[in-house]
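Enquirer: Below you will find the structure I want to go over with you.
The values are calculated or read from the model by the stated rules, or taken from the named source; none is laboratory data. From a predicted model like this one, the values you see are computed outputs, not experimental measurements. Positions of Cβ are generated from backbone atoms using ideal geometry, with glycine treated the same way; all protein chains shown enter the neighbour counts. Note: accessible area is taken over every heavy atom of the protein model, side chains too, but ligands, DNA and RNA are not part of it. Shrake-Rupley method; radii C 1.70, N 1.55, O 1.52, S 1.80 Å.
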Amino acid sequence: MVGARGISLQCLAVALTLHVAVIAGEFFKPFNVSYDHRALIIDGKRRMLISAGIHYPRATPQMWPDLIAKSKEGGADVIQTYAFWSGHEPVRGQYNFEGRYDIVKFVKLVGSSGLYLHLRIGPYVCAEWNFGGFPVWLRDVPGIEFRTENAPFKEEMLRFVTKIVDLMREEMLFSWQGGPIIMLQIENEYGDVEGSYGQGGKEYVKWAAKMAVGLRAGVPWVMCKQVDAPEDIIDACNGYYCDGFRPNSYKKPTLWTENWDGWYTTWGGRLPHRPAEDLAFAVARFFQRGGSFQNYYMFFGGTNFGRTSGGPNYITSYDYDAPLDEYGLLRQPKWGHLKDLHAAIKLCEPALVAVDSPQYIKLGPKQEAHVYGTNVHGEGQILTSLEKKSRCSAFLANIDEHYSATVTFFGHVYTLPPWSVSILPDCRETAFNTAKVGAQTSIKTTEFSLPFSTNVSIPSQDKVSLISGTWVTVKEPIGAWGEDNFTVRGILEHLNVTKDRSDYLWYMTRIYVSDDDMSYWEDNSVEPALSIDSMRDLVRIFINGLYAGSKVGHWVKVEQPIQLKQGYNDLVLLSETVGLQNYGAFYEKDGAGFKGQIKLTGFVNGDIDLSDTLWTYQVGLRGEFLQIYSLVENETAGWTDLTLDAIPSAFSWYKDLSVQRGVSSPKQHIFRKGYSVWKEPAYFKAPVGMDPVVLDLRSMGKGQAWVNGHHIGRYWTRVAPKDGCQRTCDYRGPYNSEKCTTNCGKPTQIWYHVPRSWLQTSHNLLVLFEETGGNPLEISIKSHSTKVICAQVSESHFPPLRAWSHPDFVNRKVLVSEMIAEMHLQCDDGHKISSIQFASYGTPKGSCQKFSIGNCHSPNSLSVVSQACEGRNSCSVGISNAMFGDDPCHGTVKTLAVEARCVPSPSIGFSAMK
């Protein structure tokens with residue numbers, strides 16, 4: 001026995017140990033990481049690992065714990081992230097590791113959650129991130145050429161990679177120090193462009209690998225999409241499918257660093273979606289055929305706040321159709337279906353790591369099995385006790401894109417849906433099939449919430465709610481506005497002038513039009529035009545202060561008719577970037593602005609070349625320079641009241657006035673579209689509760705928005721093509737980014753994430769810069785949440801994965817096939833199931849929000865589900881006759897279909913967001 005004093009001393013020793021561990025950054029007992037040809041070896045054991053991609057700058061630090069926790073709940077063992085050079089070193093030699101760029105805090109949160117971390121230093125990241133993650137100042141280093149055998153580039157790259165590795169080491173974050181980092185990455189998808197650099201590219205790969213290993217980080221390094229990765233670097237796969245990938249050496253394991261579970265989106269583009277069934281199929285096939293580490297790119301995509309979105313023309317949202325949506329909510333059924341998949345793979349892990357390669361069995365023309373484990377002694381000779389250390393696990397695949405198949409495996413018959421994999425953790429019972437989705441479907445809504453104190457009188461037949469507040473505005477000058485403008489001869493490259501301090505660069509020159517030109521145009525019906533050989537991403541053209549036209553594109557020609565007067569005319573070109581190039585060989589040379597000649601056509605004496613004339617340059621906007629979007633400086637702009645006859649107005653700044661005026665502002669009575677509005681001062685109040693917050697900017701054109709001084713990103717209401725979307729999405733067959741798209745004929749993005757941590761309960765400052773002429777009076781603030789959840793589970797579905805750990809199954813008293821399937825329903829955190837809108841056990845028809853009772857229906861359906869679920873955040877209902885009291889139709893496979901409504905729990909308030 002241990003006495004009381006002994007217990008106290010033991011407790012004190014444990015407490016001191018934990019305290020020292022926290023100070024030292026230890027989250028695990030220190031362990032080593034190595035690898036063989038089968039898998040990563042963590043603390044002496046081979047592991048099958050599921051990784052979740054989360055980029056820390058695409059969320060706020062307040063969001064990180066929840067994102068990590070939901071990744072872990074979904075079955076992740078590892079979090080993967082890039083290190084973003086452009087965010088960490090915005091000015092050469094000046095580092096930023098604060099706020100959204102506090103990478104140390106992020107890594108420690110991962111470790112404290114019990115997860116590992118894969119850190120992809122790169123430092124090139126691509127990632128649809130501005131300039132591929134490189135700081136723009138890097139292109140100005142004398143003699144530099146990116147990503148090749150170039151001394152200036154290698155010197156800068158070495159300096160940053162060393163900085164990150166040293167920082168992680170100093171913070172005790174590597175596995176051998178008790179930290180979560182188990183793997184690092186150098187470079188990124190260089191194999192796609194290596195050929196463009198010739199021998200210099202080959203030498204660069206060797207140098208990068210040697211440099212990385214020489215930093216002695218103590219964990220393995222990888223290069224993705226790099227078939228010539230040196231022997232001491234693991235080459236890994238990126239793509240939609242990697243089951244056929246093999247590393248370039250038998251000594252290396254098969255790793256999948258990017259499983260593209262969605263795709264990015266461009267302004268004016270459709271929204272891509274990857275079906276959960278196909279994604280699960282790809283993952284199961286990867287582990288079936290020898291894979292050992294798989295990362296979802298992305299598990300959470302998040303938001304490109306500020307001007308971080310890459311280009312050209314990538315939208316502010318980086319939702320990526322990921323299992324966690326842009327705001328951090330579960331995307332169902334994708335998240336739930338993958339959670340079940342991960343649980344099934346984990347059941348197979350002892351068998352998967354026990355052998356060097358699987359036994360292959362052909363089951364049909366497009367059907368095959370891969371069998372793992374040491375308890376396989378020929379067909380029918382399988383030991384299935386889960387109590388044994390070595391097990392038998394099998395994957396049965398049907399790669400036929402159209403038809404189900406019935407196969408016989410070790411004496412048992414299995415039906416495999418098309419384009420699916422069945423997972424048999426004990427080589428007998430099916431735990432999971434990638435095409436059979438039992439997870440719920442969640443219907444997200446972005447609900448109108450009155451952000452302003454407004455009295456609106458609207459005729460009853462008009463269901464539109466107009467949000468109006470007291471707004472003020474100020475015009476942005478066209479052309480030069482500051483003392484720092486300068487004049488030189490010729491056309492300067494955009495980025496050489498702006499250094500990416502702003503999206504905007506003004507080019508200004510003066511043109512003389514003679515009487516002869518005017519007569520020539522009139523007599524010959526000729527219209528003069530401005531011609532630009534090539535431009536990107538957007539140019540706006542002004543003549544004598546009046547807008548003349550614009551062009552959008554990536555290095556496209558411009559031919560713009562213009563109206564000129566006799567005498568001197570002022571020509572102003574506004575060059576805009578919408579995300580810098582982030583991919584491709586030599587992309588640092590891509591630049592921005594204009595290439596080739598700029599000339600005037602249609603003149604009496606021929607074309608006028610403006611390329612070598614005097615041009616005046618002005619970087620950015622006056623409002624940007626004055627920082628009129630900030631909480632401190634917004635009063636300096638000279639705002640005036642916004643009147644209805646001033647809407648729409650291009651090149652205008654808008655601000656919610658009530659933040660300054662408060663409750664003393666007078667009411668205004670306005671008339672609009674046939675109804676009257678009493679407009680009080682606009683109080684921008686945050687919606688109560690914990691739900692994510694969005695700005696609805698569908699009434700605006702193009703510009704940028706700030707809330708309380710935080711730049712929430714670019715906005716643009718470019719509309720997607722009317723065609724190209726699919727009414728139904730067929731998961732079967734290889735996926736590509738054009739398959740299963742939605743949102744045709746609608747603006748690509750209308751909702752913009754405002755993180756809760758950027759808001760106060762009231763008196764929030766909203767400032768916008770509008771380029772084309774939107775209507776700020778129609779802006780609203782909304783909350784985003786799951787309001788409707790549905791599920792449809794039949795008796796033929798597999799029992800929940802936890803059944804495999806049930807004592808009755810472990811002790812072989814029952815088979816898993818003898819256990820019943822379950823339906824699981826869950827609302828968002830802070831919400832509860834308020835009502836069951838539909839429930840039918842029998843043969844229900846339709847789909848979510850369109851369910852109807854079929855020929856067979858248990859009258860107890862609604863009462864059973866309501867009793868189990870109402871008032872709860874989550875619930876489970878067994879799918880059996882016993883559960884519903886009778887068998888409503890003998891001899892028929894029954895299905896339970898449910899539609900439920902979620903509402904916020906009343907105890908959740910605004911204070912919970914802090």
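Enquirer: Along each of its three principal axes, how wide is the spread of alpha-carbon positions in region 214-288, in whole angstrom units, largest first?
Expert: Here the Cα extents, ordered largest to smallest, are 45, 32, 21 Å.
Enquirer: What's the magnitude of the charge dipole for region 40-168 around its Cα centre, counting Lys and Arg as +1 and Asp and Glu as -1 at the beta-carbon? Answer in Debye, nearest 20.
Expert: On the way: 16 positive and 14 negative charges, 71 e Å.
I would put it at about 340 debye.
Enquirer: Can I ask one more? Got a number for carbon plus sulfur as a percent of region 16-131's accessible area, 1.4 Å probe? Before the final figure, lay out the partial values.
Expert: Details: 2220 of 4030 Å².
So the carbon and sulfur contribution to the accessible surface is 55 percent.
Enquirer: Please figure out what share of the DSSP beta bridges in region 43-174 is antiparallel and state it in percent, rounded to the nearest 5.
Expert: Numbers: 1 of 9 bridges.
Taking every DSSP beta bridge with both residues in region 43-174, the antiparallel ones total about 10 percent.
Enquirer: Determine the share of region 820-914's accessible area contributed by carbon and sulfur atoms, expressed in whole percent, with a 1.4 angstrom probe.
Expert: Working: 2170 of 4450 Å².
Solvent-exposed carbon and sulfur of region 820-914 make up 49 percent of the total.
Enquirer: Give the accessible surface of region 812-914 per residue, rounded to a whole number of Å², with probe radius 1.4 Å and ligands, DNA and RNA excluded. Spell out each step's value before the answer.
Expert: Working: 5010 Å² over 103 residues.
Counting only protein heavy atoms, the per-residue value for region 812-914 is 49 Å².
Enquirer: Can you pull the percent of region 519-657's accessible area that's carbon plus sulfur, 1.4 Å probe, other chains left in place?
Expert: Details: 2920 of 5850 Å².
Here it works out to 50 percent.
Enquirer: What residue among 831, 809, 855 has its Cα farthest toward the positive end of the dipole of region 760-914, where the charges are +1 on Lys, Arg and -1 on Asp, Glu, each on the Cβ?
Expert: Checking the options against the dipole of region 760-914, the answer is 809.
Enquirer: Which entries of 850/894; 202/225; 105/832; 72/105 have Cα-Cα distances beyond 21 Å here?
Expert: Working: 850/894 18 Å; 202/225 14 Å; 105/832 32 Å; 72/105 18 Å.
Result: 105/832 exceed 21 Å.
Enquirer: Specify which residue in the list 492, 524, 513 is farthest towards the positive end of the charge dipole of region 489-545, using unit charges on the beta carbon of Lys, Arg (+1) and Asp, Glu (-1), about the Cα centre.
Expert: My answer, from the dipole projection, is 492.
Enquirer: A further question follows. Dipole size in debye (nearest 20) for the chain around its Cα centre, Lys and Arg Cβ +1, Asp and Glu Cβ -1? Each step should come with its number before you reach the end.
Expert: Numbers: 89 positive and 95 negative charges, 513 e Å.
Charge dipole, the chain, about its Cα centre: 2460 debye, nearest 20.
Enquirer: Also: In Å, the Kirkwood hydrodynamic radius of region 49-139 over pairs of distinct alpha carbons?
Expert: Working: mean 1/r = 0.0739 Å⁻¹.
Mean inverse Cα-Cα distance, inverted, gives 13.5 Å.
Enquirer: Hey, another quick one. Explain nothing, just compute: Karplus ³J(HN,Hα) = 6.51 cos²θ - 1.76 cosθ + 1.60, θ = phi - 60°, for every residue of region 124-138 in order, whole Hz, x for Gly and Pro.
Expert: Result, ordered by residue: 6, 10, 6, 6, 6, 9, 3, 6, x, x, 6, x, 5, 4, 5 Hz.
Enquirer: Rg and Dmax of the chain over Cα atoms: what are they, in angstrom?
Expert: Spelled out, the Cα radius of gyration and Dmax of the chain are 30.8, 113 Å.
Enquirer: Keeping all protein chains in place and using 1.4 angstrom, which order do 27, 594 fall into by accessible surface area, from largest down? Don't skip to the end; give the middle numbers.
Expert: Values: 27 65, 594 15 Å².
Listed by decreasing accessible area, they come as 27, 594.
Enquirer: Can you put 155, 189, 145 in order of accessible area, largest first, using a 1.4 Å probe? Don't jump to the answer; show the numbers that get you there.
Expert: Values: 155 115, 189 15, 145 55 Å².
Ranking 155, 189, 145 by accessible area, largest first, yields 155, 145, 189.
Enquirer: Amide H neighbours of residue 40 under 5 Å, counting only residues 5+ apart in sequence or on other chains, H built in-plane at 1.01 Å?
Expert: Placed amide hydrogens put 47 under 5 Å from residue 40.
Enquirer: For region 315-354 and region 43-105, write down the distance between their C-alpha centroids in whole Å.
Expert: 17 Å
Enquirer: With +1 assigned to the C-beta of every Lys and Arg and -1 to the C-beta of every Asp and Glu, and no other charges, what is the dipole magnitude of region 178-284 about the Cα centre in debye, to the nearest 20?
Expert: Numbers: 10 positive and 14 negative charges, 49 e Å.
Once rounded to the nearest 20, the dipole reads 240 debye.
Enquirer: Put 727, 718, 246 in order of accessible area, largest first, 1.4 Å probe: what do you get?
Expert: On the way: 727 245, 718 80, 246 120 Å².
The residues order as 727, 246, 718, largest area first.
Enquirer: I would also like to ask the following. Rolling a 1.4 angstrom probe over the protein chains, ignoring ligands and nucleic acids, what is the accessible area of residue 422 in square angstrom, nearest 10?
Expert: 10 Å²
Enquirer: To the nearest 10 Å², what's residue 176's accessible area with a 1.4 Å probe?
Expert: We get 100 Å² for residue 176.
Enquirer: Quick check for you: with a 1.4 Å probe and neighbouring chains kept, what is the accessible area per residue of region 580-625, in Å²? Numbers along the way, then the final one.
Expert: Numbers: 1820 Å² over 46 residues.
For region 580-625, the solvent-accessible area averages 40 Å² per residue.
Enquirer: May I pose another question? Please report the accessible area of residue 355 (heavy atoms, 1.4 Å probe, ligands and nucleic acids excluded) in Å², nearest 10.
Expert: The accessible area comes out at roughly 20 Å².
Enquirer: Right, another one. Just the number please: accessible area per residue for region 119-226, 1.4 Å probe, all protein chains included, in Å². Mind showing how you got there, number by number?
Expert: On the way: 3180 Å² over 108 residues.
Accessible area per residue, region 119-226: 29 Å².
Enquirer: Could you tell me, in Å, what Rg and Dmax come out for the Cα atoms of region 670-829?
Expert: Rg then Dmax for region 670-829, in Å: 24.0, 76.
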